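The values are calculated or read from the model by the stated rules, or taken from the named source; none is laboratory data. Quick caveat: nothing in here was measured; it's all calculated off a predicted structure. Quick reminder, even Gly has a Cβ in these numbers, built from the backbone with ideal geometry, and neighbours come from all protein chains shown.
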Amino acid sequence: MKILVCALALVAGTCVAQDAGQFQPAETNVWGAEYPRIDSTGRVQIRIKAPDANKVKLNFWSGPKVDMEKQPDGFWTITTTPLVPGLHYYVINVDGADASDPGSEAFFGGSRFTSAVEIPEPGSTYYSIGNVPHGQVRDVWYESKVTGSWRHAMVYLPPDYEAQSKKRYPVLYLQHGGGEDETGWIRQGRANVILDNLIAAGEAKPMIIVMACGYARRAASAAPNRDEMMQSFEDDVTQALIPFVDKTYRTLADRDHRAMAGLSMGGFQTFQITTKHLDLFSHIGGFSGIGGMLDDRKWDLKTDFNGIFADPASFAKKVHLLYFGVGTVEPERFMTRIRSLHTALTEAGVQHVYWESPGTDHEWQTWRRNLKGFAPLLFHPAKSL
């Protein structure tokens with residue numbers, strides 16, 4: 001059978017015929033769904049039924065935005081040009097209204113549940129489930145007097161947690177980005193699978209990972225602004241979440257065995273919290289997000305980030321790992337600030353690790369790669385950077 005392949009060239013009025021046998025259901029589909037389908041080049045076929053619609057458009061948030069073509073049977077179809085490896089959010093616009101694809105699982109991104117398709121990265125297995133011991137992901141609630149509410153978090157326990165009943169573990173607090181939630185690092189980022197594989201290979205220490213909801217408002221606060229929400233989240237982490245985790249799980253409850261990292265907004269939160277609480281944290285990571293200045297001025301390492309970089313020797317004694325990274329094709333506002341901080345820290349002699357993910361944007365593939373590089377560096381105080 002031949003399926004009409006309408007790629008971006010459709011805009012110019014050209015289409016090509018393609019053998020449908022090359023395409024396979026995406027791993028992000030709901031059970032039994034044939035579409036979306038992908039091929040080995042990264043092209044995606046979408047097919048939905050909307051017989052009464054007049055116009056249907058496909059909108060990949062970081063990719064093709066094209067008209068779909070109506071077929072005689074009432075289905076609308078499209079085949080995209082190749083997409084880069086990773087997870088791609090998309091919606092289908094039916095006569096002006098955005099809708100999810102019923103064949104796709106739903107992921108919370110962009111402050112909504114939306115469809116997504118996973119394009120495999122050739123040769124990469126670090127975020128694929130394999131024949132290795134697997135940890136557990138627990139869905140937990142903790143009471144916060146800061147917010148006056150019960151708050152939700154996801155907790156990853158390493159594979160030997162249950163078997164080693166007297167063993168205690170270091171903890172990584174890992175934060176999602178803006179528009180996503182505490183499920184993101186598991187469902188989209190596959191943090192548990194990445195850690196399972198790293199631990200099995202002996203590349204990372206067994207650790208607990210805590211992923212909390214990054215949105216917080218103080219009790220009785222009607223409509224807090226961003227700064228108030230950031231402060232509320234900081235207080236929730238330091239006054240409610242950490243005590244809950246240390247009481248509930250077998251943690252090594254000291255700063256030498258406590259880390260925090262996050263992507264985008266979560267990176268901003270990480271730098272705000274850790275640089276003000278070096279009594280609690282000794283490992284810091286920012287993936288496409290570092291916080292600090294919000295304008296284009298140069299970094300002032302004497303005062304920025306609460307002045308922790310003013311004395312490089314003192315900083316090195318307190319912070320065992322400072323890591324930040326970015327994708328090479330991210331928007332300039334991320335690239336410029338993060339690269340400039342790397343330059344400023346290098347010139348000042350401040351010990352840190354900086355890494356760029358080749359060919360990736362402000363997306364989960366960048367952050368998966370960052371976690372893969374960051375986790376093996378954790379909890380080795382004497383390790384040279």
Taking Phe334 as the residue in question, decide whether it is modelled with pLDDT under 95, of a type outside the set (Gly, Ala, Ser), at positive phi and not in a loop (DSSP other than H, G, I, E, B).
-> no
Search result, residues across region 49-106 that are among the aliphatic types (A, V, I, L, M), part of a strand (DSSP E or B), surrounded by fewer than 17 Cβ atoms within 10 Å (Cβ to Cβ) and touching a strand residue (DSSP E or B) at 6+ places or on another chain (Cβ under 8 Å) | Ala99, Ala106
Return yes or no: is Gly291 assigned to a loop (DSSP other than H, G, I, E, B) and either farther than 30 Å from Phe60 by Cα or under 20 Å from the mean Cα position of the chain (by Cα) (or both)?
-> yes
By residue number, the members of region 253-264 that are out of contact with any helix residue (DSSP H, G or I) (no Cβ under 9 Å at 6 or more places or on another chain) and surrounded by fewer than 19 Cβ atoms within 10 Å (Cβ to Cβ) are Asp254, Asp256
How many residues are touching a residue at least 40 places away in the same chain (Cβ under 8 Å), more than 13 Å from Val84 (Cβ to Cβ) and not in a helix (DSSP H, G or I) if we restrict to region 344-370?
-> 1
Elements of type helices (runs of 4 or more DSSP H) in region 182-248, at least 1 residues being surrounded by fewer than 19 Cβ atoms within 10 Å (Cβ to Cβ) and either among the basic types (Lys, Arg) or modelled with pLDDT under 95 (or both) | 226-236, 242-248
Output yes when any residue across region 332-343 is in the same structural domain as Arg255 (by TED's automatic domain parsing), in contact with a helix residue (DSSP H, G or I) (Cβ under 8 Å, 6 or more places away or on another chain) and either under 24 Å from Gly86 (Cα atoms) or free of Cβ contacts under 8 Å to residues at least 40 places away in the same chain (or both), and no when none is.
-> no
What is the residue count in region 107-128 for residues that are among the small types (Gly, Ala, Ser), under 15 Å from Arg190 (Cβ atoms) and surrounded by fewer than 21 Cβ atoms within 10 Å (Cβ to Cβ)?
-> 2
